[in-house]
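Reading through the structure tokens given below for one structure.
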Amino acid sequence: MGGGAAGAGLAGRLLGREENFLPAGPEDMEVEARRVVTLTLNGKRMSLEVESRETLLDVLRGRLRLTGAKRVCNRGECGSCTVLLDGKPVYSCLLLAVQADGREVVTIEGLAQGDKLHPLQQAFIDEDGYQCGFCTPGFILAAAALLQENPSPSLDDIKAGLGGNICRCGNYQKICASVGAAAKSKGRD
Amino acid sequence: MSKPFIVEDPNLEYLEAARPEGRPQDAPAARPAPAEDFKVIGRRTPRIDGAKIVTGRARYTHDLHFDGLLHAKILRSPHAAAEVLSIDLSSALAYPGVKAALKLREGRVRWAGEQVAAVAATSEAAAEEALALVKVDYKVLPHVVDDLEAGRPDAPLVADQANLQPFNAFDRGEIDKGFAEAEVIIERAYRTNWEVHQPAETHASIAKWDGRVLTVWDSTQAVHSVRDALARVLQIPAADVRVVKHYMGGGFGSKLGLNDHTVVAARLAKETGRPVKITLTRQENSFCVGYRPSTRFTVRIGAKKDGTITALHMKNLNCGGVGRGDRCSEPFVDVYRIPHLKIEESSVFVNACGSRATRAPGHTQATLALEGAMEELAAALKMDPLQLRRKNYTAKSQGDTSLPYSLKRLEDCYKAGAEAIGWGRRNKAPGAGSGRYRRGMGMASQIWPGAGVPGTLAELRIHPDGTIEVECGTQDIGCGTRTHIAVVAAETLGFEPRDIVVKIGDSDYPWAPISGGSLTTPSVAPAIRDAALKAVDYLKGLASPKLGAPPEDLALGGKRVFVKAAPEKAVEWKELMKSIRRIAYFHGERAGHPSDTFAFQTFGAHFAEVEVDTRTGKIRVLKHVAAHDIGRVVNRQTAESQVIGGVTQGLSAALFEEKLMDPETGAMVNPNYHDYKVATALDVPEIVPLFIDVPDERLNNLGVKGLGEPPRIPSSAAVANAVFNALGVHVGEIPMTPPRVLAALKRKEAGR
């Protein structure tokens, strides 16, 4: 059992803002080592109090209700919890929330510009680069990081770039085609 | 809750539902599939809910939250066999945040992972910590997890009956006579191991009571089945239970029917008066919710020198833990003309969780054995393996002894597939190559019912503003069912799929079968078509006086009703609906099909090319062609994805996947994605999906069949046969791990 399940139940608190994020935890619970973390999340700077043992994934899903990043293996084996940390893809289940302090985090919810989808998101729709869709946010963010580094990847580059993500439905061929199509459409922009 | 410890074959319901003869035939006759060219059906339609998925807005059961939500965790037996003498919940109940705890099992536990107790708390962490405070007194008993060990007379009994039980038998003709007629006889063994579904979204349920009404959000393939089973187990009226599933992260059979933990969530929610969520961990998902049962086949097959099969004798030892496993007879009985056939299957019980239906239960294992034997027989006859299959081709079911197939385009699959892979490039004699890296090609045929379930219901509504809404109690398990429904409604009414509002995944909606067994499209699409055709008649009736033309001279398109001969004479759809000032309802039903006069099956053929490193035993699949006869294709884009997924899963099972048990502790030793290997992007070759795309006009009003299981059935077998063609020896067991490949090469060297 990973330690990741830690603090999903504790009341989240956004400092400097009025709203509370759905307090779900016991107020009488003994709390060790809480810390305030300040980060830029999907372009917005925010501070929130977390338990030191909480993973970034559990803070995103449990406190902030950003449920695009998925908890599939909870131990760094499948990539479904992938987010971008300062532009690099990371498994948010293996990262403590306190490690994101002072850094920039992008989740799938922050990839589109308003109503305009990111070229990768559009390509995944056009090419059917998913089936059940559960692993899709992780694949898209891993692919976004790949295209940042290598704007015109070969098929082998794409496969290697996505080698840390598992699609149990097995639609890799179309996922890779989606990334290839997005690279081409970006090239045209 | 107590239940019989032997899990009744979970595939029975699955397969019975898949068989047309298991369902009522009294529904009205199907309207024939129209001959005109469709504009939307058959073309590539992107999913109508794609934007939700790619932006993270699609809400899965894992993602749902409610005010006051409690999280529950389940304490599971660490012992494969034990007597639970006592359970003490007092310390757990006293732990901060804990709101309720339940004893789930006193008496025998028969597998490591069986539910013993549960705790609900205000956080997952608190629930998990409290679980450690539950005191359980176990009397540990001897166990057995190996199928061959369990079959020995001195093995610990898993049940109160012998571990080894006869399971399935079938006879056709006279087996001795058949072998006496044979000029070539071979006998081979094939083995498949435990393959775990491992869906990305682990099983999860949220239960919430509102007075006497229970609502459950469940990661399930079957909202209606879960509703009915929950009502039965909790002894409450089915009408007071609602099961909802909007999005689901994969199931592959492991989410058919009610799960034990869902009942626990409902009981804890009742006791606390708060909503309760249970999300299984990856570890629990690995050993508590089923897997594909293992098999040990012996296949003896005899043929004339010209390839005419005279006899086949199949024996199989099935192992599905405390469950009965899969019947694997059907492909043997049906695919080829085998006049003298004998099937003898038995099950052996071991101390492991019961197996569950896994994408194409029985057929997948059987196809590895049957098609392996075909490939090896062809080699013994020095015959092209494709030619051997053609030589024993059938036009009627049950190996040419029963009803004629309504439509069988397997020969077209052979032709298209062989051409796409370049079948002429294969080793004419298996193992003919030389050097460290050997290439080979293999193939396998596929059969699966996929006819759908008569009586499936849907409702189509047109609002006064012209909005079209379709409701059906089916569920999208990743195949694109929402989009298929929109495609059929849009085609029929002259709209675009994105204009249709589709509501599914709720047991309050009209009845539809489980999403499993390739049932969904051939059940649901005809019901939608039926409702939409009624709407067409209604709209033409409304438009007729306005256009001054009889209804039969009218057509629908571009959101208008117009006169066929003079399309400029038209009335806007919106104007028509505005005039009636109420919602118009259209009831759709999937009609019966003539299963007393015709057999309905899907067919397919896969062709694989591999390269084997004879020094390391590592196999690389280079190309995989999958040709399928599934009637009319509804959405080419999602159909391709289904095939690519089925091939990838088959490749993964053929090369990597195996649930490993520790005989000493009786526990699974690889309950995660790291040690239980599944294929990644780096492992898959170019996959070529091909569709014959000919409607089966007798089956339903669209001529559509199912596609869920077909691409999974021959995929592992084709890869195994390609390895045989490369090496000249069949590995005989999946997964074909490097040690097994090297052992097969040693066998070949030793001439065994």
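The values are calculated or read from the model by the stated rules, or taken from the named source; none is laboratory data. Because the structure is a prediction, the values reported are computed rather than measured. As a convention, Cβ positions derive from the backbone with ideal geometry for all residues, glycine included, and neighbour counts pool all protein chains shown.
So which residues in segment A:117-141 are crowded, with 24+ Cβ neighbours inside 10 Å and of a type in the set (A, V, I, L, M)? A:Leu120, A:Ala123, A:Ile140, A:Leu141 - these are the residues of segment A:117-141 that are crowded, with 24+ Cβ neighbours inside 10 Å and of a type in the set (A, V, I, L, M). Residues that are buried (at least 23 other Cβ atoms within 10 Å of the Cβ) and of a type in the set (Ser, Thr, Tyr) within segment B:337-387 comprise B:Ser347, B:Ser355, B:Thr358, B:Thr364, B:Thr367, listed in sequence order. Filtered by the rule that a residue be among the β-branched types (Val, Ile, Thr) and in contact with a strand residue (DSSP E or B) (Cβ under 7 Å, 6 or more places away or on another chain), segment B:616-647 gives B:Ile619, B:Val621, B:Val625, B:Ile630, B:Val633, B:Val634, B:Val643, B:Ile644, B:Val647.
One line per residue, one yes/no per condition, for (1) in contact with a Pro (Cβ under 9 Å, 6 or more places away or on another chain); (2) closer than 30 Å to B:Thr467 by Cβ:
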{"site": "B:Met577", "(1), (2)": "yes, yes"}
{"site": "B:Arg582", "(1), (2)": "yes, yes"}
{"site": "B:Ala591", "(1), (2)": "yes, yes"}
{"site": "B:Ser595", "(1), (2)": "yes, no"}
{"site": "B:Thr602", "(1), (2)": "yes, no"}
{"site": "B:Ala605", "(1), (2)": "yes, no"}
{"site": "B:Ala608", "(1), (2)": "yes, no"}
{"site": "B:Glu611", "(1), (2)": "no, no"}
{"site": "B:Thr614", "(1), (2)": "no, no"}
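Within segment A:161-172, can you find the residues that are within 7 Å of another protein chain (Cβ to nearest Cβ) and not aromatic (Phe, Trp, Tyr)? A:Leu162, A:Gly163, A:Ile166, A:Arg168, A:Cys169, A:Gly170, A:Asn171 - these are the residues of segment A:161-172 that are within 7 Å of another protein chain (Cβ to nearest Cβ) and not aromatic (Phe, Trp, Tyr). For segment B:54-79, the candidate set comprises residues that are in contact (Cβ under 8 Å) with a residue 12 or more places away in the chain and of a type in the set (Ser, Thr, Tyr); within that set, the residue that is farthest from the other protein chains (Cβ to nearest Cβ) is B:Ser77. You will find that of B:Val501, B:Val536, B:Val524, the residue that is surrounded by 24 or more Cβ atoms within 10 Å (Cβ to Cβ), within 39 Å of the chain's Cα centre (by Cα) and outside the structural domain of B:Arg227 (by TED's automatic domain parsing) is B:Val524 and no other. Scanning segment A:33-88 for residues being on the phi > 0 side of the Ramachandran plot, surrounded by fewer than 22 Cβ atoms within 10 Å (Cβ to Cβ) and within 14 Å of chain B (Cβ to nearest Cβ) gives a total of 4. Pull out all pairs, ordered by first then second residue, where Cβ-Cβ is under 6 Å, the residues are six or more apart or on different chains, the first lies in segment A:65-83 and is closer than 18 Å to B:Ala204 by Cα, and the second is surrounded by fewer than 23 Cβ atoms within 10 Å (Cβ to Cβ) and at pLDDT below 95. That search, which allows pairs on different chains as well, returns A:Asn74/A:Gly2. Within segment B:181-214, the set of residues being touching a residue at least 24 places away in the same chain (Cβ under 8 Å) and on the phi > 0 side of the Ramachandran plot comprises just one member, B:Gln198. Restricting attention to segment B:439-479, the residues that are touching a residue at least 60 places away in the same chain (Cβ under 8 Å) and within 23 Å of the chain's Cα centre (by Cα) add up to 22.
Going through B:Val647, B:Val688 one at a time, which residue ends up being outside the structural domain of B:Arg43 (by TED's automatic domain parsing), assigned to a strand (DSSP E or B), at pLDDT 95 or above and within 30 Å of B:Val524 (Cα to Cα)? Just a single option satisfies the conditions, and that option is B:Val688. Does segment B:475-486 hold any residues that are more than 19 Å from B:Tyr585 (Cα to Cα) and either assigned to a helix (DSSP H, G or I) or touching a Ser or Thr at 6+ places or on another chain (Cβ under 6 Å) (or both), and which are they? Result: B:Gln475, B:Ile477, B:Gly480, B:Thr481, B:Arg482, B:Thr483, B:His484. Looking across segment B:186-218 at every residue that is part of a loop (DSSP other than H, G, I, E, B) and more than 30 Å from A:Cys78 (Cβ to Cβ), the one that is nearest to the other protein chains (Cβ to nearest Cβ) is identified as B:Gly211. Residues that are within 14 Å of chain A (Cβ to nearest Cβ), out of contact with any strand residue (DSSP E or B) (no Cβ under 6 Å at 6 or more places or on another chain) and surrounded by fewer than 24 Cβ atoms within 10 Å (Cβ to Cβ) within segment B:682-740 comprise B:Leu682, B:Asp683, B:Val684, listed in sequence order.
Residues of segment B:319-370 that are among the aliphatic types (A, V, I, L, M), under 20 Å from the mean Cα position of the chain (by Cα) and more than 26 Å from B:Ala182 (Cβ to Cβ): B:Ala357, B:Ala360. Of the residues making up segment B:219-253, those that are away from chain A (no Cβ under 14 Å), outside any helix (DSSP H, G or I) and in contact (Cβ under 8 Å) with a residue 12 or more places away in the chain are B:Ala222, B:Ile236, B:Val241, B:Arg242, B:Val243, B:Val244. Do we have B:Phe167 as within 30 Å of B:Ser515 (Cβ to Cβ) and either surrounded by fewer than 24 Cβ atoms within 10 Å (Cβ to Cβ) or out of contact with any Cys (no Cβ under 8 Å at 6 or more places or on another chain) (or both) here? Yes, satisfied. The residue pairs whose first member lies in segment A:171-182 and is charged (D, E, K, R), whose second member is part of a helix (DSSP H, G or I), and whose beta carbons are closer than 7 Å, counting only pairs six or more residues apart or on different chains, are A:Lys174/A:Glu127; A:Lys174/B:Ser641; A:Lys174/B:Ile644.
Would segment B:698-710 turn up any residue that is in contact with a Gly (Cβ under 9 Å, 6 or more places away or on another chain) and part of a helix (DSSP H, G or I)? Step through it out loud before you land on a result.
Of all residues in segment B:698-710, those in contact with a Gly (Cβ under 9 Å, 6 or more places away or on another chain) come to B:699-700, B:702-710.
Add one more test, that the residue is part of a helix (DSSP H, G or I), and what stays is B:710.
Yes: segment B:698-710 contains one or more residues that are in contact with a Gly (Cβ under 9 Å, 6 or more places away or on another chain) and part of a helix (DSSP H, G or I).
Sub-7 Å Cβ pairs linking a first residue in segment B:129-149 that is part of a loop (DSSP other than H, G, I, E, B) to a second residue that is of a type in the set (Phe, Trp, Tyr), at least 6 apart or interchain, are B:Leu133/B:Tyr95, ordered by first then second residue.
Residue check: is B:Lys304 under 30 Å from B:Asp49 (Cα atoms), among the charged types (D, E, K, R), modelled with pLDDT of 95 or more and in contact with a helix residue (DSSP H, G or I) (Cβ under 9 Å, 6 or more places away or on another chain)? Spell out how you get there, then give the answer.
Details: under 30 Å from B:Asp49 (Cα atoms): no; among the charged types (D, E, K, R): yes; modelled with pLDDT of 95 or more: yes; in contact with a helix residue (DSSP H, G or I) (Cβ under 9 Å, 6 or more places away or on another chain): yes.
Taking the combined requirement at face value, the residue does not satisfy it.
Among residues belonging to segment B:89-143 that are within 14 Å of another protein chain (Cβ to nearest Cβ) and under 32 Å from the mean Cα position of the chain (by Cα), point out the one that is modelled with the highest pLDDT. Filtering segment B:89-143 for residues that are within 14 Å of another protein chain (Cβ to nearest Cβ) and under 32 Å from the mean Cα position of the chain (by Cα), the one modelled with the highest pLDDT comes out as B:Gly113. From the list A:Val72, A:Val98, the lone residue that is closer than 20 Å to B:Thr55 by Cβ and outside the structural domain of A:Leu146 (by TED's automatic domain parsing) is A:Val72. Just one of (1) of a type outside the set (Lys, Arg); (2) under 17 Å from A:Arg61 (Cα atoms); (3) not assigned by TED's automatic domain parsing to the domain that holds A:Cys169 fails for A:Pro137. It is (3).
Count, please, the residues in segment B:561-602 that happen to be more than 30 Å from B:Asp400 (Cα to Cα), in a loop (DSSP other than H, G, I, E, B) and of a type outside the set (Lys, Arg).
Keep residues of segment B:561-602 that are more than 30 Å from B:Asp400 (Cα to Cα), which gives B:561-589.
Then drop every residue that is not in a loop (DSSP other than H, G, I, E, B), which leaves B:564-565, B:581-583.
Add one more test, that the residue is of a type outside the set (Lys, Arg), and what stays is B:565, B:583.
Matching residues across segment B:561-602 total 2.
Filtered by the rule that a residue be more than 7 Å from chain B (Cβ to nearest Cβ) and over 12 Å from the mean Cα position of the chain (by Cα), segment A:118-142 gives A:His118, A:Pro119, A:Leu120, A:Gln122, A:Ala123, A:Glu127, A:Gly129.
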